[in-house]
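Working notes, beginning with the structure itself.
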Amino acid sequence: MLVVDDTPTKLYILSSWLRRSGHRVVEATGGLEALTKVKELRPDLVVLDVKLPDISGYEVCEQIKADPATSSIPVVQISGAAITPGDRTEGLERGADAYLAEPVEPDEFAATIEATLRYYRARQRAERMAERMAALNEVTLAMNAAETFDGLLATAVEGTSRILGRHAGALALPPDGRTRRYNSMPPEHTAAAKPASPESLPALSRLFLDDAPGTRIVTVTAADWLRLVPGSDVSGNVSATISRTKVGRPALCLGVQADPPMDDDEFTVLRQLGQALALAVDALRAYTEEHAIALTLQRSLLPARIPEVPGLEICWRYQPAVDNVEVGGDFYEVLPLGERVLIAIGDVQGHSLHAATVMAELRHALRASLLGTVDLSASMALLNDVLRRYHPGMTATVCLILLDPVTGRIELANAGHIPPLLLEEPGQARYHALGNLLLGVSETVYRLDELTVPEGGAVLMFTDGLIEDRDKLLDESLEIARRLAESAGDDLEGFCDRLLGQFGVREDDVALVVFRRVPRP
């Protein structure tokens, strides 16, 4: 308590009453001195005389309430001179929380102080809880935005330490199967990961949660905690949430140092953080598993390897969309056909299991069409019929190249796909002419183009996922790819890497194939 009065006797009496009630008292004899001590000490309450030698108590009160850092501190004004109703009104209007006119009885004074403190403490608790809830929302959003388990758990531990102002830690079993501990201490709140005993989580789960889903909050002594989680950096009791979202899932523990003892609001925040972490871990685990399954399925539908073709150097890349858990419809194919070789690339619209199955059907239909007489126009017409008959409403783009490696003669059929890039001379690259209508729209006759690739010449084919950007014109991206192809050089593998690196992380799947006629010795 800060008591401000310029009369020594009155200052002594008011301070004595407060000390007898169990409060710690700091004294000031002037308004400017009082303002300095308010800023330095941030007292829980100010008892303020109205008549002071330098500035009035009214002005002192106004300055306390005008500063956001001290505006919530309650002020009880007291005066033996300003005792009229107008004086009380002015005092309350200028910020006082209570106004007492002398003479004041000790019981009245004590009751006024306690009533004012009750309101102050309730307001403090509400403000503190509101701050914690806002911080809890921020941490929860950051956890849900994490892309890795290490990032997620570090975010949770750092956020818990920051919100509760305590040493915090987590114990978790990421998908790699290695149990890890995460610790964060104020004021740095920086999380550090350390290995943990694989028996720690099962021991905590058996003791506090059994095999049931749910969340339990427990407080454990330091000795018991070290027995359950050897190697922990704890020096006192630990309060922790043990959470499991579903039967059979590994439990997850989020805890804090429990000294000094936690109040109900802190336990509520800890429980909510533990539950939010458990849900975020499950969501990320499910996404990771689905993404892995999707990629496995996608790769199982694509060629396991590219055959070696005498006279040709062939390189390929397939890059899934970075944020897309669903499989896509991009595909490529390299099929030796006697003395010639078929090189194909295509893209079925959409990202879904259905798009992937349609892509697989088109690949199989293409292979079947080449068992007898090889006619690219007929093959393309068959793919169009398959799409229109069995998958109405679906469309696809496909480009087929039939190449004789010895002569360099090419037959090319293009159904709405990005034209191939022809690298016929060193330092020169051009797109071939536009092709026919894409597959799945209407019945059409597919035109064949004939050209010749010289020795040392190359052809690049890619899907639109490489060059489509929301904030860039398609023509600009096509030109970037063309200019990069002009400097492809002799290292096709390095060129493919540079091409993918130029366009960076993609929102769509990317398939590309580049082949070169190797000069004969």
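Where a number appears in this text, it was derived from the coordinates with a stated rule and is not lab data. Quantities reported herein were computed from a predicted structural model and do not represent experimental measurements. Cβ placement follows ideal geometry from the backbone for every residue including glycine, while neighbour counts extend to all protein chains displayed.
Would you calculate, for the chain, the mean residue ellipticity at 222 nm contributed by helices, counting each DSSP H stretch of 4 or more residues as -39,500 (n - 2.57) and dividing by all residues, to the nearest 500? Kindly include the intermediate steps, with their values, before the conclusion.
Numbers: 13 runs with 210 residues, N = 521.
So the helix-based figure for the chain works out to -13500 deg cm²/dmol.
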- Any aspartates and glutamates whose Cα falls less than 13 Å from that of Lys39, other than same-chain ones fewer than 8 residues away, would be Asp67
- Message: Please compute the contact order of segment 2-125 in relative form: average sequence separation of alpha-carbon pairs under 8 Å and at least six residues apart, divided by the residue count, as a percent.
- Response: 22 percent
- What is the distance in Å between the Cα centres of segment 52-109 and segment 229-290? 47 Å
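With the convex hull built on the Cα atoms of segment 2-125, state its orientation-averaged projected area in nm². Before the final figure, lay out each step's value.
Values: hull surface 27.5 nm².
With the hull built on Cα positions only, its mean projection is 6.9 nm².
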- What's the angle, to the nearest 10 degrees (0 to 90), between helix 492-503's Cα axis and the longest principal axis of the chain? 40 degrees
- Query: Roughly what would the spin-label model give for Leu371 and Arg125, points 7 Å off Cα along C-beta, in nm?
  - Reply: 8.0 nm
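Take the Cα pairs of segment 146-292, get the Kirkwood Rh, then feed it into Stokes-Einstein at 25 °C and 0.890 mPa s and tell me D in µm²/s.
164 µm²/s
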- Apply the Karplus parameterisation 6.51 cos²θ - 1.76 cosθ + 1.60, with θ equal to phi minus 60°, to every residue of segment 206-219 and state each ³J(HN,Hα) to the nearest whole Hz, in sequence, with x for glycine and proline. 5, 6, 10, 10, 6, 9, 7, x, x, 9, 10, 10, 10, 10
- Query: Roughly what would the spin-label model give for Ala192 and Glu361, points 7 Å off Cα along C-beta, in nm?
  - Reply: 5.9 nm
- Item | For segment 4-17, Karplus couplings with θ = phi - 60° (6.51, -1.76, 1.60), whole Hz, Gly/Pro x | 10, 6, 8, 9, x, 5, 5, 4, 5, 5, 4, 5, 5, 4
- Task: Rounded to whole Hz and in sequence order, give me ³J(HN,Hα) for segment 387-400 from the Karplus expression 6.51 cos²θ - 1.76 cosθ + 1.60, θ = phi - 60°, writing x for Gly and Pro.
- Result: 5, 6, 7, 9, 9, x, x, 8, 10, 8, 10, 9, 10, 10
